[in-house]
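First comes the structure, then the notes that go with it.
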Amino acid sequence: MSKTKAVSIRQCFAEVPDPRRQHMRLHNLWDIIAITILAITAGADSWIEVAKYGISKLDFLETFLELPYGIPSHDTFGRVFALLSPSALQEGFIKWVQALAEATLGRLVAIDGKTARRSFDKAAGKGPLHMVSAWASENRLLLGQQACDSKSNEITAIPELIKNLEISGSIVTIDAMGCQKEIAATIQEAGADYVLAVKDNQPTLHDDIRQVFSDGFDNDFADLEHHSHCTKEKGHGRVGDANVPYRSSSRGGGRTSPRVARLAQHRLRV
């Protein structure tokens, strides 16, 4: 895999516009954003704690921030962030996380939907918040999120999330809810491959795939073009072999929409 050019977090947020009037800019915008990101990463959950973090880490922060007037007050942090464009901040975070993912070679992207606990408001007639998230699995990074009204709306939210991500060269995994032609096409347009789960919610496709592999196991795939992947794991006094034969369908389509269908055989030996 080719090496990726390093991208600093400052570059990722360089296009966030400063909403303050020129003569009222006492503190640099980047200083305010950087201190906030570091403070929240360290556990701060209020503007007072963000300011306290900045004061306690002043010597460290001065090694890479300008801080011409020291650490801003907690009121300054709050006022500035109240004026900043949420979409511009989101774009900066997406660029930053994607740069981290590339730097650590995170090529497996898992997309899944979750409902936030206790996020509903019965008095206001609002249901719980449902989010579709994309994770760089190998390096445990959240690449992006897309809110949707309910789990049933994941089908429309997933393509929107994918369009906001740079996933070229990655392998995207989604559960059976995401096994849709539009989602598969969106992933292909982004230059990525995919592994989509198939269950009984698509009975015809599910039966077709089961039949292909059932026939293959009967004759050890002798008459079927295929590939296989074998892994070995050792633990609890046992050595486990996982042999996964799979067949790839063409990019142009065919009878099945997933490009990769798979069925695994597991053998354990002591």
At 0.36 nm per residue, minus the direct Cα-Cα distance, what do residue 140 and residue 30 gain on full extension? Give it in nm, one decimal, please. 37.0 nm
So, in nm, how far is label residue 69 from label residue 171 when the simple model puts each one 7 Å beyond its Cα toward the Cβ? 5.4
Using a 7 Å offset from the Cα along the Cα-to-Cβ direction at both residue 81 and residue 41, what is the distance between the two label points in nm, to one decimal? 1.5
Apply 1/(1 + (r/R0)^6) to the Cβ-Cβ distance of residue 147 and residue 222, taking R0 = 45 Å, and write down the FRET efficiency to the nearest 0.05. 0.35
Along the charge dipole of region 9-84, Cβ charges K/R +1 and D/E -1, which of 51, 81, 33 sits furthest on the positive end? 81
Protection proxy ranking of 38-47, 161-170 - average other beta-carbon atoms within 10 Å, highest first: 161-170, 38-47
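Relative to the present Cα-Cα distance, how much length would full extension add between residue 207 and residue 232 at 0.36 nm per residue of separation? Let's see the in-between values first.
Working: separation 25, 0.36 × 25 = 9.00 nm, distance 2.97 nm.
Using 0.36 nm per residue and subtracting the Cα-Cα distance, I get 6.0 nm.
Values quoted throughout were computed directly from the atomic coordinates according to the rules given, and no laboratory measurement underlies them. Just so it is clear, the structure is predicted and the values come from calculations on it, not from any experiment. Here the Cβ is made from the backbone with ideal geometry for all residues, glycine too, and neighbour counts use every protein chain on show.
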